[in-house]
Amino acid sequence: MVDAALRSQVRQWIVEAPRITVLSGAGMSAESGVPTFRDALTGLWARFNPEELATETAFRAHPQRVWAWYAHRREALAQVQPNAGHCALAAFALRHPGRLTLITQNVDGLHQRAGLADTIALHGSLLDDHWLDLPRTCCHTEPIQSGEPPSCPVCGNQRRPSVVWFGESLPGPAFAAAEAAAQDCDLMLVVGTSGVVYPAAGLAFTAHQRGARVVIVNPEPSDLDAVADACLREPAAQCLPHLLENS
Ligand code: OAD
């Protein structure tokens, strides 16, 4: 059941907060039809082994299989739309220029499609790819050879999905911007993440330690609940419009 009093308390905090940072995870897009990673039945990592699909070692060993898995997920994104939660965040940002910074772990591009073009995408993008190895001149001058994965016809260098795999560093500029936003905010909304993957999850601790209020929107408990001033146990697409509309 929705805790109306808690929701209205959080609404008041939002009204009062000069700088708001949002940290979103896979649950943000669940109501758009994009699977999460760790939900028990439907989560991707409940059905697939991340070691076989989300590491550079796996890609080098089985490039066709790994490429095909990401290509399938990329194609599925063409069938989904931003949900009411994505839209509420984008509309709020539009009404309050410079007040909201959005950091996402999601690679689905739905925040950007909702209108938040300056979303900080910590884990990259499913819609992009780049060279696996440092590109040589031929990689730039020759037309890319189609295939699974596409490759350079001269040196064989392969294209790989532009998502951060396990064991890889986050993109430096994106993480620096995310840390700054976590350090400088007055309120952090943590939406739809289990909070188990670092360094992204550490941003909630940073915000808490710097004195920001932390509010979690998640129907289930998460690993970040300990630093939360409030946990709204609701799905994002239902909760965020109520929190953000008319403010
Ligand atoms: P998880 O799958 O670990 O967690 C999803 C969270 O969303 C869970 O806590 C759910 O309870 C919650 N959830 C489910 N439906 C929801 C809804 N409608 N509204 C709000 N919350 C809901 O996903 P992440 O925390 O995003 O890395 O996972 C972090 C990273 O682990 C991902 O970015 C991915 C993965 O390996 C990369 O792809 C690099």
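The values are calculated or read from the model by the stated rules, or taken from the named source; none is laboratory data. Computed from a prediction, not measured in an experiment: that's the story for all the values here. Quick reminder, even Gly has a Cβ in these numbers, built from the backbone with ideal geometry, and neighbours come from all protein chains shown. All accessible areas refer to the heavy atoms of the entire protein, side chains included, with ligands and DNA or RNA removed. Shrake-Rupley method; radii C 1.70, N 1.55, O 1.52, S 1.80 Å.
Put simply, of Ser194, Ser247 the only residue that is more than 13 Å from the ligand (Cβ to nearest atom), touching a residue at least 60 places away in the same chain (Cβ under 8 Å), of a type in the set (Ser, Thr, Tyr) and over 19 Å from Glu56 (Cβ atoms) is Ser247. Against the criterion of being open to solvent by 10 Å² or more (accessible area, probe 1.4 Å), within 16 Å of the ligand (Cβ to nearest atom), in contact (Cβ under 8 Å) with a residue 12 or more places away in the chain and assigned by TED's automatic domain parsing to the domain that holds Ile20, Gln112 does not qualify. The number of residues in region 225-244 being near the ligand (Cβ under 9 Å from one of its atoms) and assigned to a loop (DSSP other than H, G, I, E, B) comes to 2. Condition check for Ile216 on (1) within 10 Å of the ligand (Cβ to nearest atom); (2) open to solvent by 30 Å² or more (accessible area, probe 1.4 Å); (3) of a type in the set (Val, Ile, Thr): one failure, at (2). All conditions but one from (1) open to solvent by 20 Å² or more (accessible area, probe 1.4 Å); (2) more than 18 Å from the chain's Cα centre (by Cα); (3) not assigned by TED's automatic domain parsing to the domain that holds Leu244 apply to Pro97; the one that does not is (3). Filtering region 123-177 to residues that are touching a residue at least 12 places away in the same chain (Cβ under 8 Å), in a helix (DSSP H, G or I) and under 27 Å from Leu77 (Cα atoms) leaves Ala174, Phe175, Ala177. Please give the number of the condition Ala200 fails out of (1) part of a loop (DSSP other than H, G, I, E, B); (2) open to solvent by 50 Å² or more (accessible area, probe 1.4 Å); (3) within 16 Å of the ligand (Cβ to nearest atom). For Ala200, the exception is condition (2).
Can you name every residue in region 115-142 that is open to solvent by 70 Å² or more (accessible area, probe 1.4 Å) and more than 21 Å from Ala237 (Cβ to Cβ)? Within region 115-142, Asp118, Leu127, Asp128, His130, Leu134, Arg136, Thr137, His140, Thr141, Glu142 meet the criteria.
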